[in-house]
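What follows is a short report on a single structure.
The values are calculated or read from the model by the stated rules, or taken from the named source; none is laboratory data. Worth saying up front: this structure is predicted, and the values here are computed from it rather than measured. Glycine gets a Cβ as well: all are built from the backbone with ideal geometry, and neighbour counts include every protein chain shown. Calculation scope for accessible area: heavy atoms of the full protein, side chains included, ligands and nucleic acids excluded. Shrake-Rupley method; radii C 1.70, N 1.55, O 1.52, S 1.80 Å.
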Amino acid sequence: NDIVQLCEQTMLACLQDSFVDCVWRESSQWLGDGLVQSKTLWSMSDDVRPMQKLLLDTAQGQDAQGMVPSVAPAEVHAYTIPRYGCMRVELLAFYLEVTRDEAFVRQPLIRDCFLRLMAFFTDNSPRDANGLHITPPGRRHYIDWSPTSQANPHAVYNLHIVLTLLTAASLARPVLPEQADAWAAEAVRLRRLCREMFWNGRFWQDDLVGSTHSQLAAAMALLVGAVTDDERAKQLDLIVARSLDASDELEAGKMVLASPFMHHYLFEALCDGGRETAVVEIIKLRWGRWGEGGYPTTWENWNVDFPDGSHCHAFSAHPRYHLWQIQKGVGR
């Protein structure tokens, strides 16, 4: 209950006309943050206007390549994070799931933005010699606020594109079945390539040389079905064990701990794998420290002693959503 209150206070502090990254700092909406904030708000309220606003704002800022802005309503190209475009497809799918508002999704601005964004991930996204996606020059290669490798190509980015293709195919199948089949086929091809390039038989390495291996890469691999049945339980065990290890520090050979932000995807993968009890224990350990420390809101990272680190960040309030889902037993 204390952690739920902590998350709700964070959301209220970061809620103006729509979500902002942090009221005192940027007063702007980050697209990737908005996906998770929208899910969290939905667990508190049935008001979908913030979701609609973010979908409309980003559609209006789409560039010629098909990439959507990562900061709405304004945009600075150096802040465009292509991976956040993946999250926009997830946001569109979530909006449709909870509202069944097909009229909003099919309006030309939203529909055309979706199709151009998918054209970026299938046709316009640059790739390396192996066929793996790389972040375009001049755009921000953001993986996580964690010490994971920042090499390009990266397992997390490519596996996230697989998730985007699968999500888009599911969205489009009722109205564009041929396009949906093409996206699903591309997802299978890229998933196979990711396994060939990033799976070393023991863990999902973040880059081609295996300089780090992270919880986030393992979670994304689980979410897109890139692991075998025999591997699934072991990967889930590794993710849980690292989060329940109270140390935040990276040690040589150790799995990289995901940030509070990206624990969202860890929780999605763990719940898909039937590990809801572990999710609750992780939240109690890692979010509970802030409540026990007397902090009223959730932090941007486990450590925020960097110059502009925030002690109040709505992305990190997502346990409110996951606890709500677990309590309801949604899809379980």
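Identify the single condition in (1) more than 18 Å from V36 (Cβ to Cβ); (2) assigned to a helix (DSSP H, G or I); (3) without any contact (Cβ under 8 Å) to a residue 40 or more places away in the chain; (4) open to solvent by 20 Å² or more (accessible area, probe 1.4 Å) that S170 does not satisfy, given that it satisfies every other one.
(3)
Among helices (runs of 4 or more DSSP H) lying entirely in region 54-134, which contain 2 or more residues that are open to solvent by less than 50 Å² (accessible area, probe 1.4 Å), of a type in the set (S, T, Y) and out of contact with any Lys or Arg (no Cβ under 9 Å at 6 or more places or on another chain)?
The qualifying helices (runs of 4 or more DSSP H) are 82-99.
When region 209-230 is examined, which residues are found to be over 23 Å from V279 (Cβ atoms) and either crowded, with 17+ Cβ neighbours inside 10 Å or modelled with pLDDT under 95 (or both)?
Result: T212, single match.
Hey, any hits in region 157-166 for a residue that's open to solvent by 20 Å² or more (accessible area, probe 1.4 Å), in contact with a Ser or Thr (Cβ under 8 Å, 6 or more places away or on another chain), of a type outside the set (D, E) and closer than 30 Å to G309 by Cβ?
no
Working only within region 6-44, note down all residues that are among the small types (G, A, S) and modelled with pLDDT of 80 or more.
Step one: filter region 6-44 for residues among the small types (G, A, S), giving 13, 18, 27-28, 32, 34, 38, 43.
Once the filter is applied, which keeps residues that are among the small types (G, A, S) and modelled with pLDDT of 80 or more, region 6-44 yields A13, G32, G34, S38, S43.
Select, from A185, A252, A241, A246, the only residue that is among the aliphatic types (A, V, I, L, M) and under 27 Å from F94 (Cα atoms).
A185
Which pairs turn up if I take residues in region 253-268 that are touching a residue at least 12 places away in the same chain (Cβ under 8 Å) and over 14 Å from P319 (Cα atoms) and look for partners that are among the hydroxyl-bearing types (S, T, Y) and assigned to a loop (DSSP other than H, G, I, E, B) with beta carbon separation below 7 Å, at least 6 apart in sequence or on another chain?
From residues that are touching a residue at least 12 places away in the same chain (Cβ under 8 Å) and over 14 Å from P319 (Cα atoms), the pairs are V256/S146; V256/T148; V256/T212; L257/S146; A258/S146.
Out of region 196-208, which residues are surrounded by 13 or more Cβ atoms within 10 Å (Cβ to Cβ) and in a helix (DSSP H, G or I)?
Selection gives M197, F198.
Anything in region 41-94 that is among the polar types (S, T, N, Q) and either under 23 Å from N124 (Cβ atoms) or touching a residue at least 12 places away in the same chain (Cβ under 8 Å) (or both)? List them, or say none. Steps first, answer last, please.
Step one: list which residues in region 41-94 are among the polar types (S, T, N, Q), which gives 43, 45, 52, 58, 60, 62, 65, 70, 80.
Within region 41-94, S43, Q52, T58, Q60, Q62, Q65, S70, T80 meet the criteria.
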